[in-house]
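Shown next, in structure tokens, is the structure this report addresses.
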Amino acid sequence: MQIAAKLNAGALKEKEDQFKVLNRFVKVYCRENHNRKSGALCQECRDLVSYAKKRLEVCPYVPKPKCQNCRTRCIMPISTPEADLKAILG
């Protein structure tokens with residue numbers, strides 16, 4: 001039981017660390033690309049961080065693989081007007 005608790009604590013710590021890194025990357029991106037000099041994230045970037053946090057929380061893999069190499073596709077595809085039109089028209 002102690003081994004499982006240690007593994008769970010280790011996985012939780014690893015996910016927390018990954019989220020902190022992700023959050024820092026998004027802050028830099030938002031500051032440089034969305035002119036957010038105050039350090040506060042714009043709504044688009046807050047939504048992105050929220051979405052990424054939810055995906056990270058439910059990721060069953062420890063250690064987490066790079067998402068592009070993952071067997072489980074949990075990230076929503078990027079939508080483009082062309083892709084939306086194709087989906088609607090068939």
Does the range 29-41 hold any residues that are loosely packed, with under 15 Cβ neighbours inside 10 Å and either of a type in the set (Asp, Glu) or over 15 Å from the mean Cα position of the chain (by Cα) (or both), and which are they? Glu32, Asn33, His34, Asn35, Lys37, Ser38, Gly39, Ala40
Output the residue which, of all residues in the range 35-66 that are among the hydrophobic types (A, V, I, L, M, F, W, C) and under 19 Å from Lys13 (Cα atoms), is modelled with the lowest pLDDT. Val62
Picked from the range 4-23 (must be at pLDDT 85 or above, of a type in the set (A, V, I, L, M, F, W, C) and surrounded by 14 or more Cβ atoms within 10 Å (Cβ to Cβ)), the residue farthest from Lys54 (Cα to Cα) is Leu22
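The values are calculated or read from the model by the stated rules, or taken from the named source; none is laboratory data. This structure is a prediction, so every number in the text was calculated from the model and none was measured. Every residue, glycine among them, receives a Cβ derived from its backbone with ideal geometry; neighbour counts consider all protein chains shown.
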